[in-house]
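The values are calculated or read from the model by the stated rules, or taken from the named source; none is laboratory data. Model, not experiment: these values are computed from the prediction. Please note: Cβ atoms are built from the backbone with ideal geometry, for glycine as well, and neighbour counts cover all protein chains shown. For the accessible areas, the whole protein counts, side chains as well, though only heavy atoms, and no ligand, DNA or RNA atoms are used. Shrake-Rupley method; radii C 1.70, N 1.55, O 1.52, S 1.80 Å.
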Amino acid sequence: MKLSLLVLVFSVANTLAAPPGDDPDVDSTLRRPTISAFRVTDRIRIDGVLDEGEWKREPISGFTQKNPTEGAPPSFRTDVWVLYDDEAVYVGAKLHDPNPDSIVSRIGRRDADLNADWFYVGIDSYHDRRTGYFFGVYASGSVNDGTLYNDEWDDNSWDGIWEAETQINADGWTAEMKIPYSQLRFPTQEAYTWGINFVRQIERLNEEDYFVMVPKKESGWVSRFADLTGIVNISPPARVEFLPYVVSGLHRTSDFTEGDPFHDGSSLTGNVGGDLKLGLGSNLTLNATINPDFGQVEVDPAVVNLSQFETFYEEKRPFFVEGSNLFDFGYGGANNNWGFNSGNPTFFYSRRIGRSPRGSEQHDGFVDYPDGTTILGAGKLTGKIGENWSLAALSAVTQREYATVQTDDGTRYEDVVEPLASYNILRSQKEFDNGRQGLGFLGTAAVRNLNEPYLENQFNSSGLAAGIDGWTNIDPDRTYVITGWAAVSGISGSAARMVDIQRSPLHYYQRPDAGHVTLDSSRTSLSGYAGRVAINKQKGNFKLNTAFGWVSPGFDVNDMGFLFRTDNINMHLVLGYRWYDPDGFFRSKGFNAATFRNYDFGGNKVDEGYYLFYDGTFMNYWGVSGNLAYYPATLDRNATRGGPLMMNTNRYSAYIEGWTDSRSVVSYGLGIGPGRSESGGYRVSPYAWITVRPSPGVQVRFTPQFARDVTIAQWVSNREDPTATATYGSRHVFGKIDQRELSASVRLDWTFSPKFSLQIYVQPLIAVGTYSDFKELRSPRSYSFNRYGQDNGSTISYDESAGEYTVDPDGAGSAVPFTFSNPDFNFKSLRGNAVLRWEFLPGSTAFLVWTHSNYNVDHPGTFDFGRDFGDLFNNENFEDVFLIKIAYWIHP
């Protein structure tokens, strides 16, 4: 019903947005320049010199300044040429500069974001006015590339195989690019028209010059590109690439005990595998990987998570990162999407594939437990199946993983701890009327082979989801757009597994005061629905974004995706204004006022907030941003971890940060985020960052932060007690926590040349939590407590040797005393890695990697910086991995 309603909304809006007589193939509101490419017969040598005769033709010029002065002529002239032959398109640029010694030339590895002079070309080879590729080169010769999508968005995860060289000379600098057709996607035609645009950055002036400049008040990017004509009699080449790899490594760890038959603290590893890229016709590409290895990726940061929700980690593995935007769902058509605790699901969270096994071994003894789940193979099909109709599909199979257990009598068992599984996603989207409307669908399926009875209570047998999404502009000049999506989900498993799912933090069906959900112990499946409809103002000074969304209690996509909130009806409104023109004090400034509200499906208001956001850039390119927030008291369904609703109190928070001009050799920023609640809790979190660039190829960034967070009622434990009739037969234990967290990230990027670099990342973390003032919830839907040792005749004592508290909740009453462990903690972690990367041939790379991690948990509940900092380097609990990996690019 909800899917049909969404389609009806878009159909009506589409009719209103397209007045009779409009030509669907022409966007009459845009006027685009047309430029020509010229065929060359002689070989173009890519050296950055531009000395071939073909570069002497009349250049493309007429750039317009966007920053710092919109609409002004550029400070320096830029000349561009576009050539082509049967193999590639060539772009040459002469970037005039009367002071070449002032050109900012910095070196960085591929896709590095450098504060330096650069030149950029965007190509819409499908000519769909929505998607494309970008190729950028810095004055130093370092490169940046990626894909363009949703008209205005970009993704630099794609790495094409192309060439670029630069030269700094007496007249400025020059750039020369060769972009093979094998790296672009386009259908076969006799004559081609592509979209194209050029951008130049003059770093010392903070100036951006565009061939086609989109005013700051307007929207669009790819849809504004110039038309490139003149390319004729070429054919998309056969696209076959193979990237085999070999890797060898040494693993050292302290995680073993005397007499362990499986581990002695070190092990040698080796592996082989490969990636395949195959063009299927001119429009589709198949990417496949066999036994992939991701040892060169950066380690995840350490976190201390006291909530009931899973921590979201960013995907860093190249196979899954590249083209991940193709699987985005629900965001197309709009250039701005706001969300306030809405619980919007991520339907494809690729970290589910190949994660650490989650099953438990079935025997006691020494255990050889696998570190991760092996990905046997994965394939990804992307491209277009018709005009403006995109397709993206991915399928991956992960290996059945075993934990080997040796019991005291020497018997060995192979216990399955992760079943054989298949992960699949299909995404397709059709755009209409030059991108004014779009309609798409998505389907996901995770299927597991539970070949052992004990696996049935640990894993879902399957998880399925399907949805549609789309957008439509509701006025002829594309100022307003409606976007929306709707989806359904279903998971299956044994009755015991479904009980665990219903009781999990995502659902909490066992809540005793929730009349709209009921825990069903006979259930072998769970289904739900979700959706969202939003309106966004795409351009102009005045800003508007509003949305209404819902996630039903039974909705669950966590077999393939990431979802942290269900049973939620969310709505928000954002109004703002932005000044784009300098006023002598600010170059630009703006503010947004916003409010949101959440209800559960039982009609209880469970969240509410009011915000004022502000930001500004001063005339000297320093900046400031921040917000003020107020959260009125509402009910909280999560505080008691499956118990009754609990009231929270009014809360207030803010943050403000400022930063210096990022062009400086030394740039820095400072911020602070204070907050408090009327319960007496508070938070203060100062932070800073500093970036130092001592030479063109070296950058060091240091980001320290400290947080002091005092929470008056932090959940500790739930205890069943039939005498606790006021709280439905359970005692919900809370404590005051004083948490201090000191952390930092240190990054060193040392680039010796655009193809040879060293990256070092280090993250120290000290997190200390001290609990006190233990208590239990007195009554549902309140923020009132019985304090142990003070109220209701209760007593509390602590046994230091056992590390346990003993509570008698009613003294001489009939309640049975209970115990709980001391929840104090002191967690210290030091993580880091170093990656030496050498691209020894185009597309072929060698890596030398060292990854280190260690942790320490001594002195729980007490914070002493000197002592705890010293504990960071205590190697009692450590892990080191050294590896070398070589990947070689093979192509016809």
GluC sites (Glu not before Pro) restricted to DSSP loop in region 723-813 with at most 14 other C-beta within 10 Å | GLU800
Once the Cβ-Cβ distance between PHE542 and GLU314 is put in as r, and R0 is 30 Å, what FRET efficiency do you end up with, to the nearest 0.05?
-> 0.35
Considering only protein heavy atoms and a 1.4 Å probe, what is the carbon-and-sulfur percentage of the accessible area of the chain?
-> 55
Determine the relative contact order of region 639-701: mean sequence separation of Cα pairs under 8 Å and six or more apart, normalised by residue count, in whole percent.
-> 26
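Would you mind counting up the charge near ASN592? Only other residues with Cβ under 14 Å from its Cβ, with Lys and Arg at +1 and Asp and Glu at -1.
Here the charged neighbours net out to +3.
What size of dipole, in debye to the nearest 20, comes out for region 595-749 about its Cα centre when the only charges are +1 on Lys and Arg C-beta atoms and -1 on Asp and Glu C-beta atoms?
Rounded to the nearest 20 debye, it is 200 debye.
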Extreme residue, positive dipole direction of the chain, given options VAL367, TYR90, ALA226 (C-beta unit charges) | ALA226
Per-residue ellipticity at 222 nm for the chain, helices alone: DSSP H runs ≥ 4 residues times -39500 (n - 2.57), over residue total, nearest 500 deg cm²/dmol?
-> -1000 deg cm²/dmol
Which Cα, out of GLY549, SER494, LEU573, lies furthest along the positive dipole direction of region 485-582 (beta carbon charges, K/R +1, D/E -1)?
-> LEU573
Here the relative contact order (percent) of region 103-256, from C-alpha pairs under 8 Å and at least 6 apart, is 23
What is the pair-distance distribution P(r) of region 595-690, computed from all Cα-Cα distances in 5 Å bins starting at 0, with each bin given as a whole percent?
-> 3, 12, 16, 16, 15, 11, 9, 7, 6, 3, 1, 0
Suppose every K and R has +1 on its Cβ and every D and E has -1 on its Cβ; what is the size of the dipole of the chain about the Cα centre, in Debye to the nearest 20?
-> 2140
Pairs of Cα atoms under 8 Å, at least six residues apart: use those to get the relative contact order of the chain, whole percent.
-> 9
By how many nm would the segment from ILE656 to HIS516 grow when fully extended, if each residue of separation counts as 0.36 nm and the alpha-carbon distance is taken off?
-> 46.3 nm
Total charge dipole magnitude, region 409-547, about the Cα centre, Cβ charges on Lys, Arg, Asp, Glu only, Debye to nearest 20 = 740
Where labels lie 7 Å past Cα in the beta-carbon direction, separation of GLU387 and LEU575 in nm = 4.3
Using 7 Å Cα-to-Cβ label points, what is the ARG778/GLU218 separation (nm, one decimal)?
-> 6.4
In this structure, among LYS277/LYS316; LYS605/LYS736; LYS384/LYS543; LYS56/LYS216; LYS66/LYS543, pairs with alpha-carbon gaps over 23 Å are LYS605/LYS736; LYS384/LYS543; LYS56/LYS216
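Stretched out fully, how many nm does the piece from VAL666 to ASP791 gain, at 0.36 nm a residue minus the Cα gap?
So the chain would gain 39.3 nm between VAL666 and ASP791.
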Where region 94-242 is the region considered: accessible area per residue in Å², 1.4 Å probe | 32
So, by mean Cβ neighbours within 10 angstrom, what's the order for 399-409, 333-343, 129-139 with the highest one leading?
-> 129-139, 333-343, 399-409
Compare the peptides 267-273, 806-812, 434-440 by average per-residue count of other Cβ atoms within 10 angstrom and give them in order, highest first.
-> 434-440, 806-812, 267-273
Distance from region 225-240 to region 141-177 (C-alpha centre basis), Å | 19
Region 544-653: chymotrypsin sites (Phe, Trp or Tyr not before Pro) in DSSP loop, at most 14 other beta carbons within 10 Å | TYR580, PHE585
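Local charge sum around ASN169 (other residues, Cβ-Cβ under 10 Å, Lys/Arg +1, Asp/Glu -1)?
On the way: positive: LYS94; negative: ASP97, ASP171.
Within the 10 Å Cβ shell, the charges total -1.
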Cut-off 20 Å (backbone N to label point 7 Å along Cα→Cβ of ASP799), residues of region 720-764 = 720
Work out, step by step, the length gained on full extension between VAL816 and TYR630: first 0.36 nm times the residue separation, then minus their alpha carbon distance; give nm to one decimal.
-> 62.8 nm
Got a sec? Charge dipole of region 783-892, +1 on Cβ for Lys and Arg, -1 for Asp and Glu; which of SER853, VAL816, GLY866 is way out at the positive end?
-> SER853
Would you mind getting the accessible area per residue of region 386-534, heavy atoms of the protein chains only, 1.4 Å probe, in Å²?
-> 37
Quick calc: nm separation of the 7 Å Cα→Cβ label points for ARG204 and ARG355 -> 5.1
All alpha-carbon distances of the chain, grouped into 10 Å bins from 0, give the whole-percent distribution 2, 10, 18, 24, 23, 14, 7, 2, 1, 0, 0
Would you please give the FRET efficiency between THR524 and GLN362, computed as 1/(1 + (r/R0)^6) with r the Cβ-Cβ distance and R0 = 22 Å, to the nearest 0.05?
-> 0.45
